[in-house]
Amino acid sequence: MDNPGALAEIWNSAAAVIRSVPRSGILVATIAALAGGWIGSVMIRQRVPTGRLIRTASTLVLTGILVTIVLQLSRFDPRLEMALPDMGLPQQVVEGGETRIPLAADGHYWLKAEVNGEPVNFMIDTGATLTAVSSKVADRVGLEPRRGGIPITLNTANGTISAQIATMDELRFGNVAARGLDAVIAPNLGDTSVIGMNLLSRLKGWRVEGGTMILTPNNPQPVLKTAAP
């Protein structure tokens, strides 16, 4: 973890979550838990029997909030990820075979994918931390915000926008299949869906050769495909 760029990415993700906490129910829960802890401490000093119970409950709530934040941050980057399927968080897996994506006339790499079986055009953005879709696309493919998730902020060409975390059951393009992948639903994203580094960093590797982006998953297959829109 001595790569300054990687550390900057992690720090920016953490800062985005922290900035978004005041716009979520977690702020209310945190304030309530802190107030409960203070009331419990006063009751303990007054020798009220239920004071210790109230303070303990407050501590458990604050611990749960901290775990929620850490789990969300850890899933943004496979170097930090804690896969906990037994807590309702699916393991994020990207597998399949080598896939080649040609450079489009506009200078971007576009691909046609299927999200939960529905077609979606994506632009690959190596500067984006997370894969993202608009609210319109999310509605069409049946993608819903994760319950208990913390909203985050994204910096886009149209300014800073608020987004909700969701989980893609399956995203397929070319020979690549991603399952359980975290993504963000951004209301003001427009028509451009983005594949970010949370997918690319789970590949064995990716590179650009002669205007073609080559994606190599960890479980390569012999068949090659071109994932152009």
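The values are calculated or read from the model by the stated rules, or taken from the named source; none is laboratory data. The structure presented is a predicted model; accordingly, all values stated were derived computationally and were not measured. All accessible areas refer to the heavy atoms of the entire protein, side chains included, with ligands and DNA or RNA removed. Shrake-Rupley method; radii C 1.70, N 1.55, O 1.52, S 1.80 Å.
How large is ³J(HN,Hα), in whole Hz, for each residue of the range 183-193 in order, when computed from phi with the Karplus curve 6.51 cos²θ - 1.76 cosθ + 1.60 and θ = phi - 60°, using x for Gly and Pro?
8, 10, 9, 10, x, 9, 6, x, 8, 9, 8
For Ser201, what accessible area in Å² do you get when you roll a 1.4 Å probe over the heavy atoms of the protein chains, rounding to the nearest 10?
Accessible area, nearest 10 Å²: 50 Å².
Residue by residue through the range 169-174, which ³J(HN,Hα) values in whole Hz follow from phi under the Karplus form 6.51 cos²θ - 1.76 cosθ + 1.60 (θ = phi - 60°), with glycine and proline marked x?
Listing the rounded values in order: 4, 8, 10, 10, 7, x Hz.
Carbon-plus-sulfur fraction of the accessible area of the range 93-216, 1.4 Å probe, in percent?
On the way: 2440 of 5320 Å².
Summing carbon and sulfur atoms, their accessible area is 46 percent of the total for the range 93-216.
Suppose the Debye formula is applied to equal point scatterers at every Cα of the range 93-216; what is log10 I(q)/I(0) at q = 0.12, 0.16, 0.18, 0.23 Å⁻¹?
Listed by q, the Debye log ratios stand at -0.41, -0.74, -0.94, -1.49.
Roughly how many Å² of Ile185 are accessible to a 1.4 Å probe, to the nearest 10?
The value for Ile185 is about 20 Å².
Which log10 I(q)/I(0) values does the range 162-204 give at q = 0.18, 0.28, 0.29 Å⁻¹ under the Debye formula, counting every alpha carbon as one identical point scatterer?
-0.57, -1.17, -1.21
What is the distance in Å between the Cα centroid of the range 106-122 and that of the range 200-214?
16 Å
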